[in-house]
């Protein structure tokens, strides 16, 4: 039996390709040893956000889950969709 996820970190992202790797690294460092997942919603980005996220996931970042909106639906909707998809007992949204 797997241990349930304790915390789901939900991150809305639009055109954040340059910022996501460092943010995700900080979250992973802060939560080292905890049961968590990171859900990033690519909210219709036109830069390399999806490519960066896919690279991180493919590089072995198993806690990362990627959701995607084909067109921008806004920050609140992105957080809402991530919350619906989350597996954690608790949600966190590291606002900027």
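The values are calculated or read from the model by the stated rules, or taken from the named source; none is laboratory data. Just so we're clear, the structure is a prediction, and the values are computed from it rather than from any experiment. For neighbour counting, all protein chains shown are included, and Cβ atoms are generated from backbone atoms with ideal geometry for every residue, glycine included.
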Seminar exercise, completed: Filtering segment 23-47 for residues that are under 23 Å from residue 72 (Cα atoms) and either touching a helix residue (DSSP H, G or I) at 6+ places or on another chain (Cβ under 8 Å) or assigned to a helix (DSSP H, G or I) (or both) leaves a count of 8
Seminar exercise, completed: If we ask which residues in segment 53-78 are within 15 Å of residue 28 (Cβ to Cβ) and either exposed (fewer than 12 other Cβ atoms within 10 Å of the Cβ) or in contact with a helix residue (DSSP H, G or I) (Cβ under 8 Å, 6 or more places away or on another chain) (or both), their number turns out to be 9
Exercise. Quick one: is residue 4 more than 9 Å from the chain's Cα centre (by Cα), outside any loop (DSSP other than H, G, I, E, B) and surrounded by fewer than 19 Cβ atoms within 10 Å (Cβ to Cβ)?
Worked result: no
Problem set entry | Counted residues, segment 32-71 - those being in contact (Cβ under 8 Å) with a residue 24 or more places away in the chain, over 14 Å from the mean Cα position of the chain (by Cα) and under 25 Å from residue 4 (Cβ atoms) | 2
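Against the definition (at pLDDT 95 or above and more than 12 Å from the chain's Cα centre (by Cα)), how does residue 95 come out, yes or no?
Numbers: at pLDDT 95 or above: no; more than 12 Å from the chain's Cα centre (by Cα): yes.
Taking the combined requirement at face value, the residue does not satisfy it.
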Seminar exercise, completed: (1) surrounded by 16 or more Cβ atoms within 10 Å (Cβ to Cβ); (2) over 11 Å from the mean Cα position of the chain (by Cα) all hold for residue 10 apart from (2)
Exercise. Quick check: is even one residue across segment 42-49 crowded, with 16+ Cβ neighbours inside 10 Å and more than 20 Å from residue 81 (Cα to Cα)?
Worked result: no
For this session: Just give me the residues in segment 79-96 being under 17 Å from residue 24 (Cβ atoms), in contact with a strand residue (DSSP E or B) (Cβ under 8 Å, 6 or more places away or on another chain) and either assigned to a loop (DSSP other than H, G, I, E, B) or free of Cβ contacts under 8 Å to residues at least 40 places away in the same chain (or both), in sequence order.
Result: 86, 88, 93, 94
